[in-house]
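What follows is a single structure, written as structure tokens, with notes after it.
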Amino acid sequence: MKRTFRFLTAASVAGALALGLGAVHSVHAFDEHEATIDYRQGVMRAIGGNVGAFAAVVVDGADFRDNLKIHTSQLMELTEDIPALFPEGSDFPDTDAKEEIWEDWDRFVELANDTREAVEALHATVEAGDEDEYPIRFRNLGQSCQACHDDFRRD
Ligand code: HEC
């Protein structure tokens, strides 16, 4: 219901623009969210790419162990501020982010922090070359991603 309402809002803005009613500011706001959403989905895919590459080595045995630090370093960069990728109102137009994110922001930030801590722990283990710890740290990381997706990402 709410989404329909939002669609109508977007349509009214477009209509107002077509009529030259000076809705430029609102239209700009929609564009801004669209770019933000594209950007955060790109960052999330990059996070997913590094996690997937790490799994291919540690879980499936691909012969790229020397590269593990590249992947955890990138995860360190990319997960530094996940909440910043979700400015208020960016649950429209084309996104899997649920509006519950902004209704339960503290919980969302807490889950982002869990992922951040799991990345730091994994990165530290890789830097120390403590291979026995890789599987458990990696599993912790995966579970932290899942926890947020379960609550805040549309299936
Ligand atoms: C605090 C919440 C949160 C955490 C933590 C989180 N994600 Fe996400 N992720 C999201 C949300 C919300 C979306 C949907 C974004 C959208 O569609 O705008 C998403 C989308 C994605 C996508 C799909 C991107 C696309 O192409 O649309 C991938 C892949 C992904 N996340 C991987 C991960 C991985 C891997 C981790 C853990 C290392 C992770 N995420 C941690 C909330 C989170």
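The values are calculated or read from the model by the stated rules, or taken from the named source; none is laboratory data. As the structure is a prediction and not an experimental result, all values here were calculated from the model. Quick reminder, even Gly has a Cβ in these numbers, built from the backbone with ideal geometry, and neighbours come from all protein chains shown.
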- Query: Just to be sure, is Arg45 under 13 Å from the mean Cα position of the chain (by Cα), modelled with pLDDT of 95 or more and among the charged types (D, E, K, R)?
  - Reply: yes
- Note on the structure: In the range 98-120, residues that are buried (at least 20 other Cβ atoms within 10 Å of the Cβ) and over 18 Å from Arg139 (Cα atoms) total 2
- Which residue, of Asp81, Asp104, Asp114, is within 10 Å of the ligand (Cβ to nearest atom) and of a type in the set (Asp, Glu)? Asp114
